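Peer 1: Got a structure for you, questions after.
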C-alpha cells in the first residue's frame, strides 16, 4: 500500500503549503477558510502518549475473536468513545471461526522429527509468556485432515511456481507441499496446491523473507526468530470474505447458515504454518534437483525440490464453532446532510496481542475520535454524518466489517460517501491506495500534513522518495504529473466489502517503509514490547496517521461539493486499458515465441542429461480481442471528466444538492450486480483482489483475469460490460455538470448555496 | 568466457553441416576437401580414457610453481610430447613467487577467536590429505604486514561498494576490510581497499557465491565446504602481469631485476583469504547498520557493515624467493610457411592438485598434440609452423606465458599468426572469447564440432541456448546475425601477453555452463576425485575441447589465405563506439540527475534518523566529447572491411603471399607501443582487462576508462589515438585487397597459388 508513482512541478509546490491561504477544492472561499481553521485545531490534538497508552491497554492480553479480552477491548473502546461525548454502540454479529483441536506434523523415515509448533516466551518480553491465552499457531479455515506423503518444495506456491515444477518434471499429485510465506496471499498457496493434486500444505517463514536476512532476529532486533510462526487465514477470500456461512448477508440471529459441508471457501486440503526451525529438518529431507536461484531461501543449506524419500505426517483437526463479533460504532450526526455518511474504520481484533497489527492503526483512530469529540465541544458541526468503526474479526476473514456492511448494505448504498480505512501503521512515508475518484483529494490532504521527521509535507516526502527510487522513465512521469498516482485497492483489510461489494469510494492509508514492519507479523511477538522497541517508537507516525485520516474525514464531511475528481480516474482507466492491450499482445508474442523455440530446437539444446527438463507444450496463439468499446468508453470518460472537473472548478464550491447525490453515485456506477465471472460477491468492475494473488489487485479484473486465464470469449464479453459501465459513468458526469452553474453570472445569482457562512459552525463560536 | 549473442537463419543452418561438402573459407575447393578429410581424421583421435588418465597422472600431487611435482609434470609432459614424435623442449625462466612464512588472523575482544586457515582432508578424497605438499591458504604477492584494527564489511570490495559506504557514512581509513570473493578479480579488492585508506584486507568465500547456495557442499556435492579456501594471486596485474621484477622482458639468467622494494604491483596492504567458517566469528562481530540487500551473503545471520568494536589482528610474512618456471614447448615445422606460427597453449601448474584448473584443459591439449603426432605419421604436413605450449606459473601471475612471450617478443611480432588458449574445461556449451577478426573463423569451426550430449553442432547448441535465455530484443539480434558474437578478451589466463602486449590475434575457448565448475576453485579439493565425481565425468567435453582447439589450429595452419575476416570486427567496433557514446551520455544525465535530486531535496526526504545517510556531493557535468574521429574511422573500417571480405570471397582461396603477411599484421596495427595511459605494458587499443575489474574486459579501454574516471581531456586524446589506429587498419585492408585477384579471369590466370594440390599432403599418402 504505497503511492508508487507521482508528480507536479517542484517549484510550483513551494507555493502550495500548509497555511498558504489556498482554497480547498469543493469549498467556497469562506467555507474553505473556516474548514482550514478547524482542521488545524484538529491536527494539534492527537497525542502521542495517549496513542502509546491506548496501545498498551489494548495489547495487554491476546484478543482474537472469541477471546475474553477481545470483548473486554470492545467494551473499553465503547466506554472511551462515549467518554469523548460520541454516540457509540456495539453491533454484534456471529461468524464461523475454527480453532485447533489437534495439530501434528512429523517427519517419518530414518531421521524422524516432530515439529514443536510453538513460539517460546522471550524473557525480556512480558506478554510473550501469556501462553494460556494465546491462540496456537495454525491457519484458520484449513479443513480437518490427516495425511502422510512425501513432500515437495514449491517455493511461494504461486501458479507460476508450478510451471517451473512442470519444466523440472516434478508433480505434487498425492504429495504434501511445503511452501514459503510471501509473494502472494497465504490462502492462495493451499488453493493452488490442491488444484495441482497435492493432499496437504505446509507453510513456513523463510529467514530470507522476514528473518535474519533483513535484520537481527527478535529480541535483539525486529525480525522473526527461528521459532516464530505466522498465523493467518487461508479461506478462499477471493471468492468472498466474511462469514463463510452467510455470504452477502449480515450474520445476525435468524439468518440461514450454509451448512459447513457446503461452504466453498474452506481449503480443499489440510494446511499448517510452521517456523523455520520446524521447517529445517523437512527441507533437509528433500532430494532431487537443486532449486532454481529465485527459489532459494536464507537457510544455510542447499534447497532441493524433492520429493523427499521420507514421508511427512500432517494431521489437523478443528473446533468448528461460531463466535461473537463486537463491532464498535460511533456516529457523529451531520448538521446539514445527515443522510450522507463519511465512514472511517480500523479493526481492533488481533491474532495474538497485535500491537503492530492492528493496534498501531486502532489507537490513532481512537485518538482521532477523541479529537473530533473535542472539536464538537468547541462548536464544530460537521455538515455530513461521520461514522467511526472499530471492527472485530478482521484477521480471520474481514468478518466484522463484512457482516456489518452486508447487514447495512441498503442504507450504505444509499448514504455512504466514502470509506477511509487503516490497519497496522509504521514509521516512514505516507502510503495510500484507493478509488481514483479520490486520488486528487488524497493528494490534497497529504499536501497539508507535516512529516514528523523531515518537517516537509508527507506528500512532498513520498514524492521525492519515489523519484529517488524510480527508474529514469518513471521519474519523468512522477515529475510531470500534478498528483501522485494512488494505486488501486486489492484486498487484505476492511475496505474490501466497501469498495468491492458495495461500490463505495474507499481509501486505505498509513505510514511505513522505514522499519521492518512485518518481522513479527501474526506472531506472539507482535506486542507492545516489540513495537515500542523497534517500530514507531515515538508514536510520531501514529500521530501523523490520526492527523491524516481525521483531516480526510473532516474535509469530506464538510465540503460544499464533494471533492471527487474524475480526470485522475479517467487517466488511470486509460492506463489500465493500455495495460490490458499490452498484456494481450505480450501473451500473443509469448505463445508465438514459445512455439518457435520448441520448433527451432531450443529445448533440445538445453537438454542436460544430469538435469532432465520437460519442454513446455505447443500453445494455441491467442486471438485478437475487440478493445474498441473500451477505447471508446475510455475516451468518452476522459472527455466527460475533464469537462466536469473544469465546470466544478469554475463553480467555486457553489452547487445544488443534486450534484452531491450524483457524486455519491459515481463509484456505485462502476459496479455490476452480476459481479465478476465465478465470484458474484465481487461487483466492482475496475478493482478486485486477484483470484490467484489474494492481496494483489487486478484492475479491470473481469477482462484482465480472462486474458490471463486464456478465456478469450469471456474477455470480449467483459470488455463490453466494463465499457458500458464507463459510458454510464461518463453520462453521470455530464448530467452532474448540467447541474453546476455555467457562468460567473450564474454563480453570482445562485441561490444561497450549501456553504452559507452563517449556517456553518466556525471556530470560536460557542455551542 | 561465453558466446553470449548469436544468429543465422535456422533453416539455412541445416544445409551447412559437417561433411556437407562446403568449401572452407580461405581454401581453394581442392585444398578445402583435403583439409576437411584431415580434420575428420583428427577429430576421431582424441580419447576420453587417455584424457582421464593424463589428468589422474598430472593431478596426483600438488604441483604449484617451485614444487617438485611441478617439475616432474613438466618432464613427463616433455617425454609424452617426444613420444608422439614431436620436437619438444623445456624453456626455463625464473620469477618472484612468495610463499607463506607465517599467517595469523585473530579476533580480539570479549569473544576471541583464532582462524584455522586450513582445509581439512576429506576421507573419501585420496589426495586431499597430502597436507605436507599443499601450499597453505594465502594470497600471493600480498606484502608482509602485521596490523590490528576494527573491521568493516565492504561487500565485494569494488569501487562502487565504497560509494555505498560513503552514503552510509562509513570510512575504512585505518580499518581492516573484510570482502567476499566474487564479482571482480580478487587483486582489485586489496587495491581499492588501500586506495580508501584500509590497512589490511581479508578475503572470504561466502556460501552465497560458491557454497551451499548453489549446490551441496563437498563431498556430498560439488560446492565449496565450510572450511574451503580460495587461494590466489593479488598482484596488481592490470598494471602488468608476469614476473614483477622483469616487466617487458623475459626473466632469464642475467636479466636485471627491479629490487623488491621498487616493485609496483605488490599489494599496498597485507591480504589473507579465509573460509566462511573462519569468517563467521568476524562477520558476527560487526556492529552498525544492516547492509543493503545486494550486500547480503548466504550465512544464517544478519550482515552488518561495521566497524566492529572488537579488533582483528592480521599478520602475514612471506619468503620472497625466485622460483624456476618450466614451459614445455613442442614445435611442428610448417612445410610451406615455416615462418608463420600458429600457437596453442594451456598452463600445467596449479595452486594445489588442480584437476579442474587447469588439467581439464591441459589433458585435452596433450591429447591434441598426440593426435597431431599421429596425423604427421599418416602424412599430414601442416603448411605453417604449429607450436604447442604447456605453460608453468600461470596461477601466480601468468608467469610462464608472459616470460616466454616477452623473451621471444621480436620473433613473435614477426611470425605469430594467432594464439589459441584454453584453461579449465567443463561440461556444457561452447564458449569462446577473442579477437573479432577471428570471430567468423571461430564460428565456422564451431559449426563443424558435434556436441556430445545433443549431437547437434556445438555452434547450434550455444546459439539456441543463448536464444532461450535472451531478452526479446537480444533474441532478435541473435536470430538476425550470421555469426554468434564472440565477446572480447579480458584477462585471467595465458592469452594476455599475446593479445594485450604483442597484438597477436587470440582466442580463449572451452566448454561449460552445465556443472558448478567453480565450487572448488583454487582449493585442495579441486582434484581428481572431485572432478571425476561432479564435473565432466565422462570426459566427453575434454574430448570436444581437443577436437575444437585442434581443428582451429589445423585450419589456421593449413589455409591458403589466412581466414581472418573484418566485417565482424568492423561491426563490433561500431558497437563499441556506440557504447562509448551511450556511456558518455549516461554519465552526463546521471550527474545532472544527481544534482537535481540534491537540489530538489530527495536526500532530505530519504533522511531516516535511525539510519543516517550522507548525501552525495554535487557533481560537475561531464562535457561533450568529440567522437567524430572515431565515427569516421569506424565508417572507414566498415567500408574497407566489407570491400576486403568481398574480394577475399571472390578470390576463392587464391592469393599471393603478401596477403597473408598483411593479415598477420592486421592485429598488430591495433596496438600502440606507448600503451594505455599509466600502464604501458598493455598496448592493444581495443581490448584490456579493466583497471578496476581485473578479469572483465574494457573495450576501447583508453577511451572507456578515461570516461569512467572522468578524465575528459584524456578521453578526447584517446579517441584520436584509437581512430588513427583504425584508419591504419582500414588502409592495410585496402592495401591487402589490392593484392587479391580482381576478376575471375585474373583468378584463372593466377600463378600457381598457395594451395597447389600436388604439393599439399593428402590423407592416404605415405610419408
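Peer 1: What distance in nm separates the simple spin-label points at residue B:610 and residue B:712, each placed 7 Å from Cα in the Cβ direction?
Peer 2: Result: 4.3 nm between the two label points.
Peer 1: Mind checking the angle between helix A:712-739 and chain A's longest principal axis? C-alpha axes, 0 to 90 degrees, to the nearest 10.
Peer 2: Helix A:712-739 sits roughly 10 degrees off the main axis of chain A.
Peer 1: Defining a contact as two alpha carbons under 8 Å apart and six or more residues distant in sequence, what relative contact order in percent does the stretch B:430-476 show?
Peer 2: Working: 30 pairs, mean separation 11.7, N = 47.
Once normalised by length, the contact order is 25 percent.
Peer 1: Just to be sure I understand: of the beta bridges DSSP finds with both ends in chain B, what percent are antiparallel, rounded to 5?
Peer 2: Antiparallel: roughly 60 percent of the beta bridges in chain B.
Peer 1: Okay, moving on. Using only the Cα atoms, what convex hull volume per residue in Å³ does chain A have? All intermediate terms of the calculation are to be shown ahead of the outcome.
Peer 2: Numbers: hull volume 116.9 nm³, N = 767.
Here the figure is 152 Å³ per residue.
Peer 1: Starting from the 7 Å offset along Cα-to-Cβ, what nm value, one decimal, do you get for the label separation of residue A:734 and residue B:678?
Peer 2: Spacing of the two 7 Å Cα→Cβ label points: 7.0 nm.
Peer 1: Could you calculate, for the stretch A:163-254, the ratio of the Cα radius of gyration to the Kirkwood radius, expressed as Rg to Rh? If you can, show how the numbers build up before the last one.
Peer 2: Working: Rg = 17.3 Å, Rh = 15.8 Å.
My calculation of the ratio gives 1.09.
Peer 1: Just the projected area, averaged over all directions, of the convex hull on the alpha carbon atoms of the stretch B:569-652: how many nm²?
Peer 2: It is 8.2 nm².
Peer 1: Arranged by the count of other C-beta atoms within 10 angstrom, fewest first, what order do A:108, B:686, A:283 take?
Peer 2: Sorted ascending by nearby Cβ count, the order is A:108, A:283, B:686.
Peer 1: Here's something else I'd like to know. Among DSSP beta bridges lying fully in the stretch B:99-320, give the percent that are antiparallel, nearest 5.
Peer 2: Around 55 percent antiparallel, to the nearest 5.
Peer 1: If you don't mind, another one. Once the label point is placed 7 Å from Cα along Cβ, list for residue A:579 the distances to the corresponding points in the other copies, in nm, shortest first.
Peer 2: Copy-to-copy label distances for residue A:579: 3.6 nm.
Peer 1: Related question: If you line up the long axis of helix A:360-377 against the longest principal axis of chain A, both from Cα atoms, how many degrees apart are they, to the nearest 10?
Peer 2: Compared with the principal axis, the helix lies near 10 degrees.
Peer 1: Grab the residue from chain B whose Cβ hugs the B-to-A rotation axis most tightly, plus its distance in whole angstrom.
Peer 2: Its Cβ sits closest to the axis: B:300, 2.
Peer 1: Mean separation of Cα pairs under 8 Å and 6+ residues apart, divided by the residue count of the stretch A:567-749: what relative contact order is that in percent?
Peer 2: 28
Peer 1: List the distances, in nm and shortest first, from the label point of residue A:639 to the matching label points in every other copy, placing each point 7 Å from Cα along the Cα-to-Cβ direction.
Peer 2: So the label point of residue A:639 gives 5.5 nm to the other copies.
Peer 1: If one computes P(r) from the Cα atoms of the stretch B:513-616, what percent of pairs lie at distances over 18 Å?
Peer 2: Details: 4092 of 5356 pairs.
Counting pairs separated by more than 18 Å, the tail of P(r) holds 76 percent.
Peer 1: Next up: Would you list B:644, A:113, B:691 from fewest to most Cβ contacts within 10 Å?
Peer 2: In order of increasing Cβ crowding within 10 Å: A:113, B:691, B:644.
Peer 1: Can you pull the one-decimal nm distance between simple spin-label points at residue A:411 and residue A:293, each 7 Å off the Cα toward Cβ?
Peer 2: With each label placed 7 Å out from Cα toward Cβ, I get 5.8 nm.
Peer 1: Report relative contact order for chain A in percent, whole number only (criteria: Cα-Cα under 8 Å, sequence separation at least 6).
Peer 2: Working: 1712 pairs, mean separation 150.0, N = 767.
Rounded, it is 20 percent for chain A.
Peer 1: Where both residues lie in the protein assembly as shown, what percent of DSSP beta bridges are antiparallel, nearest 5?
Peer 2: Counting only bridges with both partners in the protein assembly as shown, antiparallel ones make up about 60 percent.
Peer 1: For chain B, what does the helix formula give at 222 nm: sum of -39500 (n - 2.57) over DSSP H segments with n ≥ 4, over the residue count, nearest 500 deg cm²/dmol?
Peer 2: -12000 deg cm²/dmol
Peer 1: Here's another thing I want to ask about it. Roughly how large, in nm² to one decimal, is the mean projection of the convex hull of the alpha-carbon atoms in the stretch B:233-366?
Peer 2: 13.9
Peer 1: The protein assembly as shown: D in µm²/s via Stokes-Einstein (Kirkwood Rh, Cα pairs, 20 °C, 1.002 mPa s)?
Peer 2: 59
Peer 1: In whole angstrom, how far apart do the alpha carbon centroids of the stretch A:532-604 and the stretch B:525-599 sit?
Peer 2: 41
Peer 1: Let me ask something additional. Taking the label point as lying 7 angstrom from Cα along the Cα-to-Cβ axis, what are the distances from residue A:455 to the corresponding position in the remaining copies, in ascending order and in nanometres?
Peer 2: 7.8
Peer 1: Still on this model: Given the C-alpha centroids of the stretch B:145-170 and the stretch B:75-138, what is the distance between them in whole angstrom?
Peer 2: The two parts, judged by their Cα centres, are 30 Å apart.
Peer 1: Taking a temperature of 10 °C and a viscosity of 1.306 mPa s, what whole-number D in µm²/s does Stokes-Einstein yield for the stretch B:99-320 with Rh from Kirkwood over alpha carbon pairs?
Peer 2: Estimated diffusion coefficient is 88 µm²/s.
Peer 1: While we're looking at this one, here's another question. Averaged across orientations, what area in nm² does the convex hull of the alpha carbons in the stretch A:426-555 project? Mind showing how you got there, number by number?
Peer 2: Numbers: hull surface 35.6 nm².
Reported value for the Cα convex hull: 8.9 nm².
Peer 1: I'd like the orientation of helix B:29-43 relative to chain B: the angle between its Cα long axis and the longest Cα principal axis, in ° from 0 to 90, rounded to 10.
Peer 2: 50
Peer 1: Which value in Å does the Kirkwood hydrodynamic radius of the stretch A:567-749 take, with 1/r averaged over all unlike C-alpha pairs and then inverted?
Peer 2: Details: mean 1/r = 0.0524 Å⁻¹.
One over the average 1/r among Cα pairs gives 19.1 Å for the stretch A:567-749.
Peer 1: Arrange B:506, A:184, A:646 by Cβ neighbour counts within 10 Å, fewest through most, would you? Walk me through the numbers on the way to the answer.
Peer 2: Details: B:506 28, A:184 23, A:646 13.
Fewest to most other Cβ atoms nearby, the residues stand as A:646, A:184, B:506.
Peer 1: Let me ask another. Could you list the residues of the stretch B:311-344 with an amide nitrogen less than 14 Å from a label point located 7 Å from the Cα of residue B:252 in the Cα-to-C-beta direction?
Peer 2: B:327
Peer 1: Semi-axes, largest first, in whole Å: what does sqrt of 5 times each Cα gyration tensor eigenvalue give for the stretch A:15-117?
Peer 2: Values: eigenvalues 480, 95, 45 Å².
So the equivalent ellipsoid measures 49, 22, 15 Å along its semi-axes.
Peer 1: If you don't mind, another one. Which length gain, in nm to one decimal place, applies between residue A:57 and residue A:322 when the Cα-Cα distance is subtracted from 0.36 nm times their residue separation? Working shown, then result.
Peer 2: Working: separation 265, 0.36 × 265 = 95.40 nm, distance 2.68 nm.
Roughly 92.7 nm would be gained on extension.
Peer 1: Specify the inter-centroid distance of the stretch A:651-681 and the stretch A:408-465, based on alpha-carbon positions, in whole Å.
Peer 2: 20
Peer 1: Follow-up. In the stretch B:310-410, what is the volume of the convex hull around the alpha carbon atoms, normalised per residue and reported in Å³?
Peer 2: 134
Just so you know, all these numbers are worked out from the coordinates, no wet-lab data involved. Source: prediction; values computed, not measured. Don't worry about glycine lacking a Cβ; one is built from the backbone with ideal geometry, like all the others, and counts go over all protein chains shown.
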